[in-house]
Amino acid sequence: MEFVQLSDAQRQSFNEDGFLVVRNALDPEKVQRVTEASDRLAGPFLTKPEVRGRPEYNHLDLRPGLLREEALLELVTHSTVSLVVQLMTPNIHLHSTALIYKRPETPDAPAFRRGWHRDIRIPRDLGHQSLPLVGIKICYCLTDFTESNCGMTLMARTSHLKNEPLAIPRDEVDPPDVEVCDVRLNAGDALLFENRIFHTAAPNRSNRVSKVLIYGYAYRWMRTEVYLEVPDQELLKKTDDPIAHQLLGGYRDVDTQPWALQEWAKRHGVQPAPVPWTIEI
Ligand SMILES: O=C(O)CCC(=O)C(=O)O
């Protein structure tokens, strides 16, 4: 996996905001190749007639089977994952995949699926107090998102540090006490966001289909989403890259060291400091 150094400014911005924009993560050639593969998967959605007045039928959130497309399998070890390793540790794997397409909606349609949430449902068990960061999603933009309400996921800046549920006044859809960011992005840019940040789907009121691919990475002790049930031997057979092997859940159990990314981190001088079980006093 190609190494990209996480800068101090990027780390600070991610830690403060709960998300980070990475410009030009994918070059135009890659965007084209990945979009062609994604369009193949989204074919039935793109060709079905629009269901008028029912915006929920005009969004695609496809999760299983994405990695059968070679271009999407290659993306599992894209250089942007370097940043995730540096923000977490080498002990990660691919936790989720999603292809999200939104067709244009009529401007007066209600904002369906405005569902502010934190990822991985951790608060259901642990509550909102002092939640840990356990996963980071990379949202690769396959189309431009250069105006408001054009399909990009909304981020509540700094809400990853909240110790309570998001407060939303009755009859409103957004929280008044945090900055709701409808981030402007271009095709090829990536938006990294962590599991604790409150975020929500938003309508696409532009005149083009919006397209993103979201790959979630989590610590290896986090069980993958069901459609990635690992290890998938068919996928593992397609790669001899040890890092892909790790990210695709190729190690037998969670006690196996994350050798591939550990070695990689060491080679690039970004291995985390060891955390001992005990210390001498
Ligand atoms: O459809 C969207 O924009 C929302 C995506 C989302 O909530 C997620 O990936 O967790």
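The values are calculated or read from the model by the stated rules, or taken from the named source; none is laboratory data. What you see is a predicted model; the values in this text were computed from it and never measured. Cβ atoms come from the backbone with ideal geometry, glycine included; neighbour counts cover every protein chain shown. The protein model used for the area step is the full one, side chains on, heavy atoms only, and it has no ligands, DNA or RNA in it. Shrake-Rupley method; radii C 1.70, N 1.55, O 1.52, S 1.80 Å.
Computed 3J(HN,Hα) for the range 86-92, one whole-Hz value per residue from the Karplus formula 6.51 cos²θ - 1.76 cosθ + 1.60 where θ = phi - 60°, is 6, 7, 10, 8, x, 8, 10, glycine and proline marked x. Just checking the listed ones, 61, 182, 232: in the Gaussian network model of the chain with Cα springs under 10 Å, the one fluctuating most is 232.
Our Cα-only numbers for the chain put the radius of gyration and Dmax at 19.1, 70 Å.
Only protein atoms count toward the accessible area here, which uses a 1.4 Å probe; on the chain, the carbon and sulfur part of that area reaches 50 percent. With springs only between Cα atoms under 10 Å apart, run a GNM on the chain and tell me which of 146, 200, 256 wobbles the most. In this elastic network of the chain, the residue with the biggest mean-square fluctuation among 146, 200, 256 is 256.
Summarising the amide proton neighbourhood of residue 80: residues at separation of 5 or more, or on other chains, whose placed amide H is nearer than 5 Å comprise an empty set. Residues of the chain were split at every exposed loop site, defined as trypsin sites (Lys or Arg not before Pro) in a DSSP loop with at most 11 other C-beta atoms within 10 angstrom, and the longest piece left, sites excluded, is 53-169. The HN-Hα couplings worked out from phi for the range 142-158 by the Karplus form 6.51 cos²θ - 1.76 cosθ + 1.60 (θ = phi - 60°) are 9, 10, 6, 10, 10, 9, 6, 6, 10, x, 6, 4, 8, 10, 8, 3, 6 Hz, whole numbers, x standing for Gly and Pro. Among 130, 206, 79, the largest mean-square fluctuation in a Gaussian network model of the chain (Cα springs under 10 Å) belongs to 130. Grouping the Cα pair distances of the range 32-112 into 10 Å bins from zero gives a pair-distance distribution of 15, 37, 27, 17, 3 percent in increasing distance order. Residues whose amide H comes within less than 5 Å of that of residue 95, counting only those at least five positions distant or on another chain, are 216, 217, 218 (H built at 1.01 Å from N in the peptide plane). The H on the amide N of residue 204, modeled in the peptide plane, is under 5 Å from the matching H of 105, each at least 5 residues off or on a different chain. Split the chain at each of the GluC sites (Glu not before Pro) in a DSSP loop with at most 10 other beta carbon atoms within 10 Å, and the longest piece is 3-171. Normalised per residue, the accessible area of the range 8-267 is 47 Å², obtained with a 1.4 Å probe and no contribution from ligands, DNA or RNA.
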